[in-house]
1. Does the range 61-76 contain at least one residue that is in contact with a strand residue (DSSP E or B) (Cβ under 8 Å, 6 or more places away or on another chain), surrounded by fewer than 16 Cβ atoms within 10 Å (Cβ to Cβ) and among the polar types (S, T, N, Q)?
2. Considering each of Val111, Val95 in turn, give the residue that is at pLDDT 95 or above and within 24 Å of Gly24 (Cα to Cα).
3. Take the residues of the range 12-32 that are open to solvent by 40 Å² or more (accessible area, probe 1.4 Å) and among the aliphatic types (A, V, I, L, M): which is nearest to Glu118 (Cα to Cα)?
Amino acid sequence: MKYLVMVLGSQADYEGMTGNPSPGSPAWNEKEMEAMFAHMSAINDDLAESGELVEAQGLDEPGKARYVTAGADGKPVVTDGPYGEIKELLAGYWVLECESLGRVTEIAGRVAQCPVPEGSTEYPVVIREIRGAEDVPA
């Protein structure tokens, strides 16, 4: 089965990574950044070696995101970020092919152990099963 494993973050977290702290999002130093990247790289390497990794990507800061909705006239309405009313957004993801929910939960637990500066907000790691073509009603 395929799963989407998602990590969450906020604009403030991205700003903390560039040295601009705020409550719940302390400034990261170079050593902390290196530890985070090493942790994530080790997970990616292990998943690639086990054959479970389909894709993994980190996403750019929420301030560069765009929301697109349909306007009353049918034309797209684009809203630029950051979005103060939204506390957390998708920061990165893995698409994994795992034998069971138990296995993907084990991987998500490892992702959740990523080192962060003291005082950082703790976000859950979200797992969603990806529906296969056989699951979609005809």
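The values are calculated or read from the model by the stated rules, or taken from the named source; none is laboratory data. What you are looking at is a predicted structure, and each value in this text was computed from that prediction instead of being measured. Because the Cβ atoms are built from the backbone with ideal geometry, glycine has one as well, and the counts that use them run over all protein chains shown. For the accessible areas, the whole protein counts, side chains as well, though only heavy atoms, and no ligand, DNA or RNA atoms are used. Shrake-Rupley method; radii C 1.70, N 1.55, O 1.52, S 1.80 Å.
1. Taking every residue of the range 61-76 in turn, at least one turns out to be in contact with a strand residue (DSSP E or B) (Cβ under 8 Å, 6 or more places away or on another chain), surrounded by fewer than 16 Cβ atoms within 10 Å (Cβ to Cβ) and among the polar types (S, T, N, Q).
2. Values: Val95 fails: within 24 Å of Gly24 (Cα to Cα).
Result of the check over Val111, Val95: Val111.
3. Here the answer is Ala27.
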